[in-house]
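Below is one structure, written out as structure tokens; comments come after it.
The values are calculated or read from the model by the stated rules, or taken from the named source; none is laboratory data. Values in this document were obtained by computation on a predicted structure and should not be read as measured data. Here the Cβ positions follow ideal geometry from the backbone for every residue, glycine too, while neighbour counts run over all protein chains shown.
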């Protein structure tokens with residue numbers, strides 16, 4: 001999907017938004033990471049203890065947010081990837 005959404009539709013200034021996934025492979029990789037993290041949390045909660053599952057979920061959430069913030073910062077630094 002390579003459609004661009006107008007910022008005015010999202011309440012912005014009229015410049016188009018870019019799809020955060022460059023291609024289907026990137027989107028699939030993110031999906032697999034979510035499924036793997038969810039499976040790890042469920043397995044830890046069932047096999048060890050609910051508290052361990054909750055702690056693992058929190059750790060994975062923080063790691064995911066940190067990784068997403070680094071990805072976003074790198075994307076914002078490269079003007080050639082951003083829409084005109």
Can you name the residue in region 10-34 that is exposed (fewer than 11 other Cβ atoms within 10 Å of the Cβ) and modelled with pLDDT under 75 and is also nearest to the chain's Cα centre (by Cα) among such residues?
10
Of the numbered conditions (1) modelled with pLDDT under 85; (2) loosely packed, with under 13 Cβ neighbours inside 10 Å; (3) in a helix (DSSP H, G or I), residue 83 fails exactly one; give the number of that condition.
(3)
Which of the following residues is out of contact with any helix residue (DSSP H, G or I) (no Cβ under 6 Å at 6 or more places or on another chain) and either touching a residue at least 12 places away in the same chain (Cβ under 8 Å) or outside any helix (DSSP H, G or I) (or both): 40, 36, 44, 68?
40
